[in-house]
1. Check segment 1-16 and report whether any residue there is more than 17 Å from Thr62 (Cβ to Cβ), at pLDDT below 95, surrounded by fewer than 12 Cβ atoms within 10 Å (Cβ to Cβ) and more than 16 Å from the chain's Cα centre (by Cα).
2. Conditions first: (1) under 23 Å from Glu14 (Cβ atoms); (2) buried (at least 16 other Cβ atoms within 10 Å of the Cβ); (3) not basic (Lys, Arg). Met37 passes all but one, so which condition is the exception?
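The values are calculated or read from the model by the stated rules, or taken from the named source; none is laboratory data. Keep in mind that this is a model prediction, so the values were computed, not measured. Positions of Cβ are generated from backbone atoms using ideal geometry, with glycine treated the same way; all protein chains shown enter the neighbour counts.
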Amino acid sequence: MAVDYTIKISLDDEKVKKLEEAGLGGNIKDKVLEVPMPQKNKRKFVKAFPGAVLNDGTGEITEFPQEAADILLDTILEHKLLEVVHLFLMKTYKPVAGKEIRRTLHSG
(Lines give C-alpha, C1' and ligand atoms only; values in the text may rest on other atoms or scores of the structure.)
Protein backbone atom coordinates (compact mmCIF):
# COMPACT_ATOMS: atom_id res chain seq x y z
CA MET A 1 0.00 0.00 0.00
CA ALA A 2 1.27 3.45 -0.91
CA VAL A 3 2.02 5.60 2.11
CA ASP A 4 1.73 9.37 2.14
CA TYR A 5 4.21 11.09 4.43
CA THR A 6 4.25 14.15 6.65
CA ILE A 7 7.05 16.68 7.01
CA LYS A 8 6.94 18.42 10.39
CA ILE A 9 8.38 21.92 10.51
CA SER A 10 9.08 23.55 13.88
CA LEU A 11 8.05 27.18 13.95
CA ASP A 12 9.14 30.21 15.88
CA ASP A 13 6.78 33.12 16.66
CA GLU A 14 7.71 35.00 13.48
CA LYS A 15 6.95 32.00 11.23
CA VAL A 16 3.67 31.37 13.07
CA LYS A 17 2.67 35.01 12.45
CA LYS A 18 3.52 34.76 8.72
CA LEU A 19 1.47 31.58 8.36
CA GLU A 20 -1.47 33.15 10.18
CA GLU A 21 -1.28 36.17 7.87
CA ALA A 22 -1.36 33.76 4.89
CA GLY A 23 -4.53 32.19 6.27
CA LEU A 24 -2.84 28.94 7.29
CA GLY A 25 -2.87 29.44 11.08
CA GLY A 26 -5.42 26.66 11.55
CA ASN A 27 -2.85 24.10 10.37
CA ILE A 28 -0.40 24.87 13.20
CA LYS A 29 -0.37 22.57 16.23
CA ASP A 30 1.96 23.35 19.14
CA LYS A 31 4.20 25.50 16.91
CA VAL A 32 4.57 22.66 14.40
CA LEU A 33 3.33 22.71 10.82
CA GLU A 34 2.58 19.33 9.25
CA VAL A 35 3.10 19.38 5.49
CA PRO A 36 1.78 16.47 3.42
CA MET A 37 4.25 14.75 1.09
CA PRO A 38 2.37 12.47 -1.32
CA GLN A 39 3.69 9.02 -2.20
CA LYS A 40 4.05 10.10 -5.85
CA ASN A 41 6.83 12.53 -4.82
CA LYS A 42 8.79 9.94 -2.82
CA ARG A 43 11.37 9.02 -5.48
CA LYS A 44 12.42 12.62 -6.16
CA PHE A 45 12.27 13.49 -2.48
CA VAL A 46 14.61 10.63 -1.51
CA LYS A 47 17.07 11.60 -4.27
CA ALA A 48 16.97 15.27 -3.30
CA PHE A 49 17.31 14.59 0.45
CA PRO A 50 19.16 11.28 0.94
CA GLY A 51 19.69 12.02 4.65
CA ALA A 52 15.96 12.29 5.35
CA VAL A 53 14.37 9.23 6.95
CA LEU A 54 10.91 8.20 5.73
CA ASN A 55 9.11 6.04 8.28
CA ASP A 56 6.64 3.82 6.42
CA GLY A 57 4.95 2.84 9.70
CA THR A 58 4.12 6.31 11.00
CA GLY A 59 4.35 8.28 7.76
CA GLU A 60 6.70 10.78 9.39
CA ILE A 61 9.79 12.21 7.76
CA THR A 62 12.69 12.88 10.13
CA GLU A 63 16.22 14.19 9.65
CA PHE A 64 14.87 16.77 7.18
CA PRO A 65 17.49 19.55 6.75
CA GLN A 66 16.58 22.91 8.32
CA GLU A 67 17.68 24.80 5.19
CA ALA A 68 15.27 22.70 3.12
CA ALA A 69 12.50 23.25 5.70
CA ASP A 70 12.99 27.01 5.31
CA ILE A 71 12.67 26.75 1.51
CA LEU A 72 9.56 24.59 1.91
CA LEU A 73 8.04 27.13 4.30
CA ASP A 74 8.79 29.96 1.84
CA THR A 75 7.07 27.95 -0.92
CA ILE A 76 4.04 27.42 1.33
CA LEU A 77 3.84 31.14 2.12
CA GLU A 78 4.30 32.07 -1.54
CA HIS A 79 1.39 29.88 -2.69
CA LYS A 80 -0.70 30.03 0.52
CA LEU A 81 -1.16 26.23 0.34
CA LEU A 82 0.23 23.22 2.20
CA GLU A 83 0.13 20.95 -0.86
CA VAL A 84 3.29 22.38 -2.46
CA VAL A 85 5.83 19.55 -2.19
CA HIS A 86 5.89 19.11 -5.97
CA LEU A 87 6.71 22.83 -6.40
CA PHE A 88 9.27 22.64 -3.60
CA LEU A 89 10.97 19.68 -5.30
CA MET A 90 11.13 21.60 -8.59
CA LYS A 91 13.08 24.29 -6.72
CA THR A 92 15.40 21.98 -4.80
CA TYR A 93 15.83 18.79 -6.86
CA LYS A 94 18.42 19.28 -9.58
CA PRO A 95 19.00 15.90 -11.24
CA VAL A 96 21.43 17.30 -13.79
CA ALA A 97 23.33 19.68 -11.52
CA GLY A 98 27.00 19.67 -12.46
CA LYS A 99 26.43 17.50 -15.52
CA GLU A 100 27.10 18.41 -19.11
CA ILE A 101 23.96 19.15 -21.11
CA ARG A 102 23.36 16.42 -23.64
CA ARG A 103 23.27 17.57 -27.22
CA THR A 104 22.11 15.53 -30.14
CA LEU A 105 23.07 16.32 -33.67
CA HIS A 106 20.50 15.81 -36.36
CA SER A 107 21.79 15.19 -39.80
CA GLY A 108 19.39 15.95 -42.47
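1. Yes, that holds for at least one residue.
2. The failed condition is (1).
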